[in-house]
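Structure first, commentary second.
The values are calculated or read from the model by the stated rules, or taken from the named source; none is laboratory data. As the structure is a computational prediction, the values presented were derived from the model and not from experiment. Positions of Cβ are generated from backbone atoms using ideal geometry, with glycine treated the same way; all protein chains shown enter the neighbour counts.
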Amino acid sequence: MNRVKSILKAVLNVLKGWFTDRRVVKWLIIFAVPVVAAFIAVIAVYNHFSPELPSLSQLEQINPKLVTNIYDMNGKIAHEYFVERREWTSFDSIPENAIHAVMATEDRAFYSHWGMNVWAIPSAIMESALSGKKLRGASTLTQQLTKLLFLTPERTISRKIKEMMTAIRIEQTYTKEEILEFYMNEVYLAGGNYGFQAAGKFYFGRPLDSLTIPELAVLAGMLQRPEAYRPDRHPKASLERRNTVLYAMRDAGYINNYEYHEYIKTPITLAEKETSNESGLYFYEEIRKYMEKKYGENSLYADGVSINSTIDPEIQAFADSVARVQVEKVRRRVKYRASRRLALPKKYGMPEDSIVAHFDSVYTLFKKEYLAEDLKRDAKRRRFPDSILYHHAEVAAILIENETGAIRTMVGGSDFNQSRWNRAVQSLRQPGSSFKPIVYSTAMDNGASPCDSVNDQPVSIPDPDDKDKNKVWRPANFEHDFEGMMTLRRALYRSKNLPAILTGMKYGLNNVVNYARKFGIVRAPLMAVPSLALGSVGATLMEMTSAYTVFPNGGNRIEPYMIESIVDRNGEVIEKNSKVEHEVLRPASAYLMVDMLKDVNIRGTAARVWASGFTHPSGGKTGTTNDYTDCWYIGFTKQYTMGVWIGSDSPGTLGAGHTGTEDALPIWMAVMKELHKDLPRKPFPVPSGVVSKGVCNHTGKIAGEFCSEKTYCLYTAGYAPGEVCDGNHFEVKTKSADDATLFSNKGASSAPKSSGNGPAKKNTRKMF
């Protein structure tokens, strides 16, 4: 204790002597004033810039913009949405050699400084002068991170001050490992790539942890000037810069001399870039719109979510290709027809093929010189009817997996880059005859049989929308002929208009409306008018294709979907699709419709399906609207349902001969053949509640032992005729035989028989 007191006393005496010495006081003042002034200046600078610096909450909540990946049905990345292509990689997953390459060139004292390094500038200048190479930068990694996250890129004193102050704050907020993790994921490495992980995959086609030291040196070398040192565009400059990084790594002791000399001999080998896949763009656009509507724009361009979609990339690419080829054929047919009707080769003295090859230009001139003036005339005096006006054909297609409702393919148009209007989901078009299965489904679900008869004959129907009570609607068949009595089966596969109208009226047009709603036709208003049976209502291709899944699914409609699940950046599932079913028809009714629609593909308007050799059990229906404006085909197998539409965006005729059979069906056939080439043939199982009865062709009763001419007909249980024919046949044939049905008697005759057994009796089955 006494020793401590003596020491303190000695110190006080020394200080007393100093402060009594004028020379000492003088030098203390000289040195103290600048220190105090500097301290005051620091306080003043801090107070001035502090409000402009990131707050503590901002520092603690750094949310980098990440890539949103859309995966296909096979789990492979199919499409990306991003502002900055970035794949976040944790510090533990970053290779040590990648960090060494960065530290050797950017900040060797990273683990020893506190955000800034006052000796970095003179040290870097000295090393560069001695080696002749710029081995490392003067700013610390923390300072560089500050610029990346918070500051603008201009070079001013004020920005530099803010940079240093923020760097110190970051060092106080995060650990060195966290700072390195941020830095390795935030740096820009050209080509739209942010972070070493994204850049590694982009340039070398492999994840970061599989890259070699020379490859990591290439990426680290790009930090100084990303675009100038891109290995894919400036290979020579990139090689030289890489070798400089390797030299710095040796100089810093991260690699030895032998490794250095071996590494600099290694050429830069880049991954082969995959050709740009332009297929499925309409599909991905629908996902984009869904994400932005439900979760906001950031969800797609910044949040780094993973979207597991339902797209089949191979079939999508095939469908896109087939659709483009087919729609071009349709356009050429339209152009040839217009060229001939307008006599363009004669008017302009050009061969027809040349006219077609340059049709848009020639037609523009023709419209200016002839059509513009012609359209001013009264409609009755026009030289050129509206039907020959050129309309640019477009295409749409939807493929749905029946069991799940997953949308495997979506074609929204011929060229996404020219028009993002998605005709598969946005266009409301009249489905024409492709709506008729909904009419006949209404009948089947209310006790009708495919063998029920209907009279295909001219009818006059009062127009409910017209004030004139005497005005009537006289619908006609597509072929402008009438066949008389026929079965509902034949009426459907022959696509007869009058039977469809009469069937709809018999079973109630309001019922048809209700069933159409259950089938999923909900976008457009539905009016209970006779023309509804001919598809006069507007519907989207998505709605119509989804409606047809009711038939192969045994009467249930499964909601179509494009997204299996959505996973956030942390691996949490934020949305997952589950199967949603809606009961539309009884299973027996659905099967009757399947059996009828199979005939369409075997001997009806889509008979070329069977003729082409596609033997998978299938059904479907064509559709062609008035004046050949819209062409449809929607068909199904047990596994898939596909709808195809061809028409023009501005509804207008494509011209005679442009039908669902000619224009839409070829796309369906091509895609379905490709899709089913390795799939087993799956029949449609007969559900309980379906009965087959042999029916006398003459009386419509159950065929008895004396009935040689009979047809095997399908019924739902409880609706089959109960009376057995006694063989007492009459001259007038009261039941139409359709002797090529699935259950038909191949030897049955459709010719009426005559008998002198008395007057005709009424058929046990009701007729129209």
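Which one of the conditions (1) surrounded by fewer than 22 Cβ atoms within 10 Å (Cβ to Cβ); (2) without any contact (Cβ under 8 Å) to a residue 60 or more places away in the chain does ARG333 fail to meet, given that it meets all the rest? Result: ARG333 passes all but (2). Within segment 245-269, residues that are without any contact (Cβ under 8 Å) to a residue 24 or more places away in the chain sit with their Cβ atoms under 8 Å from residues that are of a type in the set (Asp, Glu), at 6+ positions apart or across chains, in these pairs: ARG250/GLU259. Cβ-Cβ distances below 6 Å connect the following pairs, each with a first residue in segment 169-190 that is within 13 Å of LEU219 (Cα to Cα), a second residue that is modelled with pLDDT of 85 or more and basic (Lys, Arg), and a separation of six or more residues or different chains: ALA190/ARG230. If the condition is being basic (Lys, Arg) and touching a helix residue (DSSP H, G or I) at 6+ places or on another chain (Cβ under 8 Å), then segment 568-625 contributes ARG603, ARG608, LYS621. Among the residues of segment 674-721, those identified as in contact (Cβ under 8 Å) with a residue 12 or more places away in the chain, surrounded by fewer than 18 Cβ atoms within 10 Å (Cβ to Cβ) and within 30 Å of SER321 (Cα to Cα) are GLU674, LEU679, ARG681, LYS682, PRO683. Pairing residues of segment 78-91 that are under 12 Å from ARG569 (Cβ atoms) with residues that are at pLDDT 80 or above and among the aliphatic types (A, V, I, L, M), at Cβ distances under 6 Å and at least 6 apart in sequence or on separate chains, gives ARG86/ALA198; GLU87/ALA198. Every listed requirement among (1) without any contact (Cβ under 8 Å) to a residue 24 or more places away in the chain; (2) in contact with a Phe, Trp or Tyr (Cβ under 8 Å, 6 or more places away or on another chain); (3) surrounded by 15 or more Cβ atoms within 10 Å (Cβ to Cβ) is met by SER460 save one, (3).
Assigned to a loop (DSSP other than H, G, I, E, B), aliphatic (A, V, I, L, M) and more than 20 Å from ASN497 (Cα to Cα) - does that describe any residue in segment 556-563?
Yes, some residue in segment 556-563 is assigned to a loop (DSSP other than H, G, I, E, B), aliphatic (A, V, I, L, M) and more than 20 Å from ASN497 (Cα to Cα).
Among ALA491, ALA448, ALA476, which is the only one that is small (Gly, Ala, Ser) and either touching a His at 6+ places or on another chain (Cβ under 9 Å) or more than 20 Å from GLY508 (Cα to Cα) (or both)? Working first, answer last.
On the way: ALA491 fails: either touching a His at 6+ places or on another chain (Cβ under 9 Å) or more than 20 Å from GLY508 (Cα to Cα) (or both); ALA448 fails: either touching a His at 6+ places or on another chain (Cβ under 9 Å) or more than 20 Å from GLY508 (Cα to Cα) (or both).
Answer to the selection: ALA476.
Does GLY296 count as surrounded by 21 or more Cβ atoms within 10 Å (Cβ to Cβ) and either touching a Cys at 6+ places or on another chain (Cβ under 8 Å) or at pLDDT below 95 (or both)? No; evaluated as a whole, the condition is false for this residue. Within segment 600-633, track down each residue that is among the β-branched types (Val, Ile, Thr) and closer than 21 Å to ALA323 by Cα. THR605, VAL609, THR622, THR624, THR625, THR629, listed by residue number. Evaluated against (1) over 20 Å from PRO685 (Cβ atoms); (2) touching a residue at least 40 places away in the same chain (Cβ under 8 Å), ALA607 falls short on exactly one condition, (2). When segment 230-282 is filtered for residues that are under 30 Å from ILE311 (Cβ atoms) and surrounded by fewer than 20 Cβ atoms within 10 Å (Cβ to Cβ), the ones remaining, listed by number, are ASP232, LEU270, ALA271, GLU272, LYS273, GLU274, THR275, SER276, ASN277, GLU278.
Counting the residues of segment 416-455 that are under 26 Å from the mean Cα position of the chain (by Cα) and among the β-branched types (Val, Ile, Thr) gives 1. Here segment 424-455 is the region considered, the condition is being surrounded by fewer than 22 Cβ atoms within 10 Å (Cβ to Cβ) and closer than 29 Å to ASN697 by Cβ, and the residue that is modelled with the highest pLDDT is ASN446. Residue count for segment 463-475 under the criterion of being modelled with pLDDT of 75 or more and under 45 Å from the mean Cα position of the chain (by Cα): the result is 3. If you go through segment 651-673 and keep only what is surrounded by fewer than 18 Cβ atoms within 10 Å (Cβ to Cβ), within 25 Å of ALA539 (Cα to Cα) and within 27 Å of the chain's Cα centre (by Cα), you end up with just PRO651. Number of residues in segment 564-582 that are in contact (Cβ under 8 Å) with a residue 24 or more places away in the chain and either crowded, with 16+ Cβ neighbours inside 10 Å or assigned to a loop (DSSP other than H, G, I, E, B) (or both) equals 7.
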